[in-house]
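Colleague: I'd like to ask you about the structure that follows.
The values are calculated or read from the model by the stated rules, or taken from the named source; none is laboratory data. Only a predicted model underlies this, so the values are computations on that prediction, with no experimental measurement involved. Cβ atoms come from the backbone with ideal geometry, glycine included; neighbour counts cover every protein chain shown.
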Amino acid sequence: MVLRDLSLKQAYDSDEDDILNDFYVSALSNSTSYKRLAGFFSSTALAAAARGICGLIKNGGTMKLVVGARLRKQDIEAIEKGTKSREQAVSELMLQDLKSIESEFVKDHVKALAFMIATQKLEIKVAIPVSASFQDLNDFEGIYHMKVGIFSDGSDFVSFSGSVNESKMGWLHSIEEFKVFCSWINGQETYLQRDMEKFEKYWSGSAKRAIVIDVPTAVRNRLVEMAPANVDELHLEKYIRPVKAKLWKNQTEAIEAWIRNGCKGIFAMATGSGKTLAALSASSLAGPSVVTVILVPTEPILDQWVRIEIPHFDPGARIIACGGSHPEWKTILPLQLAEIRRTGKGYAPNSRLFVVAILNTASRPGFITTWEGIPADNVQIICDEVHHVGAPSFQECMQLQSCRRLGLSATPERNWDPIGTSEIVEYFGPTAYEYGIKRAIQDGHLCHYRYYPFFAFLNSREFEKFTELTEEIGKEIAKTKAKSKNEEMLVTTHKLEKLLEDRARIKKKAEDKVRAFRQALMATTKRPLIIFCEDEDQLSDIESVVKEIGSSYLVYTSRMKDWEREKALDIFRKGGADVILAIRCLDEGLNVPECEGCIIVASSSSEREFIQRRGRILRGLVGKVAVLNDIIVLPAKLTEEEDMKVAEALVRQELERVKQLAEASDNEWECRNVIRKELTKYGLQSLADI
């Protein structure tokens, strides 16, 4: 197609039109040139228009952008004093913006921008506004607010001018209007010519009220560094879902079960078995006037929903992110909800509104009171990793009134917290659908795996401390049961939690684990590998072994900045390292690069933790066989008869994990025999019949 084949309107209004898909994406996809004056530019515009940018790149197209940059007061003062140049001030602002947008979804589309710059298909200039009587730097004032775009397919031209900015917010969420002028329509040539002359005035730097400079070298170099080697590495098509995704049988079963349960309940589905898509598909059954609230435990998981999951499922969705680095919700959300109160539909009744909130934000009064007066029929709630919402600090979230509720978790029950679990079930409803790891493997949604135990041994000092804590735990449990009205329901106390954590830490950080890790790493040929560590100290010890053996590696911890973690995953995804060392933050929720194996150096007795860690290696490898290496802690050499009871308790704890990890593996009985042989040394071989 060419531009004149498109069914373009003379004017567009986002209150009535899908300006992104009906105009912007269509025009870009059929152009070989795009010129733009934009008062505000954001690389998220590339993400919003992924399909159009793909088309422009594949057409061998070029872009020229003149974008606004309003300098801060301190920048102007620094320029005036001669301590900073204009280029340096602009460079600092733009580089800071690049750092702040390195979440996975947006980053992929920044690479499209970078690719076009690296291949000389894109030029960017920056306009700095000045007063009409510009005399010195104190005359910087106002903002550069031009909003004109010009498309060309080599023969025809289309221009538009109006309120829309070159940003994802502008094309997707804001209330915008603009006029369109086409070169092949009589009477529009004059308007089109004016837009073209306006662009050339700014591009050439001849505007009276703006200084126009080339994009600073430091910014260009940073973008070139981010650019892929060729267009095939962009893979922007993966962010476009032009037709509704076909659901797996288990996803359809889950949705049907949820409907039968009155649109309430929990999907207890194995990690990687499609519960996110099932949840979004279930939410789409409600009318477009129903707001979908998605509650998440952490900001990285929020970004995954906002940048990937929702746009994949519904490219035209309006999304408001709440919490973390997204404080703007405090202004945007009340306006959206006010319109729903007034009309029952919101600003854009034909596009669904998603509100994605981190639990620690959603549980605060400021968020909850924002929803007052919104009928329950206008709200549905999805809670990702729903077990978190049962924590006392997050239970306030469950005050939100809604007509439909859906919880998601591979393991929805809360450890040692029957009250918190009960609150979750009371609000969301019981488990509506369960889909375990064995069935997911049998159905081909997750890959097969082999499970290999390696053994580390507590030294005498560690075992002695473990014994002391076991005795204290027994006493505290006895006290708790004595106070409880229901002896079958053990309610944990802060003291008991602390004792259990201290005892678990002895196993997690056993000194002999470094030796066992070396053995496991040398025995594993699968690459890439995820290594799960307990803390920075243990990670440092493990890192030394990885260096010694000569494997290339990356580190991924919660102490790293968001962009640093994203960069590590991106390098890992591209095969830039054999091993990634992680501390907890790859356990839950996030979609990580495909890995053929993992080594669990540290693991708690939490069923949720080791199930989620197993899930890290089973998705995306269908047709292959993954390897799960697990370091099991056993007692020190026993010298006293009374030590046997403690030793047996320790072994039973470890075997709870072994049982679940082994029984779904391809080599279950091989694992059992290895463990039985090791336990025979303690006279505990009968425990191997798990």
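Colleague: For the range 327-345, does any single residue satisfy the condition of being buried (at least 22 other Cβ atoms within 10 Å of the Cβ) and among the polar types (S, T, N, Q)?
Modeller: no
Colleague: For the structure I just gave you, tell me whether Val627 is in contact with a strand residue (DSSP E or B) (Cβ under 8 Å, 6 or more places away or on another chain), more than 19 Å from Ala662 (Cα to Cα), modelled with pLDDT of 80 or more and aliphatic (A, V, I, L, M).
Modeller: In short, no.
Colleague: Looking only at the range 401-408, decide whether some residue is crowded, with 20+ Cβ neighbours inside 10 Å and in the same structural domain as Leu679 (by TED's automatic domain parsing).
Modeller: Scanning the range 401-408, I find no residue that is crowded, with 20+ Cβ neighbours inside 10 Å and in the same structural domain as Leu679 (by TED's automatic domain parsing), so the answer is no.
Colleague: If you go through the range 436-450 one residue at a time, do you hit one that is at pLDDT 85 or above and farther than 30 Å from Ala279 by Cα?
Modeller: For the range 436-450, residues at pLDDT 85 or above and farther than 30 Å from Ala279 by Cα: present.
Colleague: Now a separate question. List the helices (runs of 4 or more DSSP H) inside the range 217-291, counting only whole elements, that have at least 3 residues being at pLDDT 85 or above and either of a type outside the set (Val, Ile, Thr) or touching a Gly at 6+ places or on another chain (Cβ under 8 Å) (or both).
Modeller: 249-260, 275-283
Colleague: Looking at the structure I just gave you, is Ala27 at pLDDT below 75 and in a helix (DSSP H, G or I)?
Modeller: no
Colleague: Would you call Tyr427 aromatic (Phe, Trp, Tyr) and farther than 30 Å from Lys677 by Cα?
Modeller: The answer is yes for Tyr427.
Colleague: Say whether the condition of being without any contact (Cβ under 8 Å) to a residue 12 or more places away in the chain, hydroxyl-bearing (Ser, Thr, Tyr) and not assigned by TED's automatic domain parsing to the domain that holds Glu501 is met by at least one residue in the range 358-376.
Modeller: Yes, that holds for at least one residue.
Colleague: Looking at the range 298-305, can you tell me whether even one residue there is in the same structural domain as Phe394 (by TED's automatic domain parsing), surrounded by fewer than 21 Cβ atoms within 10 Å (Cβ to Cβ) and free of Cβ contacts under 8 Å to residues at least 40 places away in the same chain?
Modeller: Among the residues of the range 298-305, not one is in the same structural domain as Phe394 (by TED's automatic domain parsing), surrounded by fewer than 21 Cβ atoms within 10 Å (Cβ to Cβ) and free of Cβ contacts under 8 Å to residues at least 40 places away in the same chain, which makes the answer no.
Colleague: For the range 520-530, which residues satisfy the criterion of being surrounded by 14 or more Cβ atoms within 10 Å (Cβ to Cβ) and at pLDDT below 90? Let's see the steps before the verdict.
Modeller: Applying the first criterion (surrounded by 14 or more Cβ atoms within 10 Å (Cβ to Cβ)) to the range 520-530 yields 520-521, 524, 526-530.
Scanning the range 520-530 gives Thr524, Lys526, Arg527, Pro528, Leu529, Ile530.
Colleague: From the list Glu372, Glu413, pick out the single residue that is in a loop (DSSP other than H, G, I, E, B), in contact with a His (Cβ under 8 Å, 6 or more places away or on another chain) and surrounded by fewer than 23 Cβ atoms within 10 Å (Cβ to Cβ).
Modeller: Glu413
Colleague: Quick one: which strands (runs of 3 or more DSSP E) lie wholly within the range 113-184 and hold at least 3 residues that are of a type outside the set (Phe, Trp, Tyr) and at pLDDT 85 or above?
Modeller: Those strands (runs of 3 or more DSSP E) span 147-152, 177-182.
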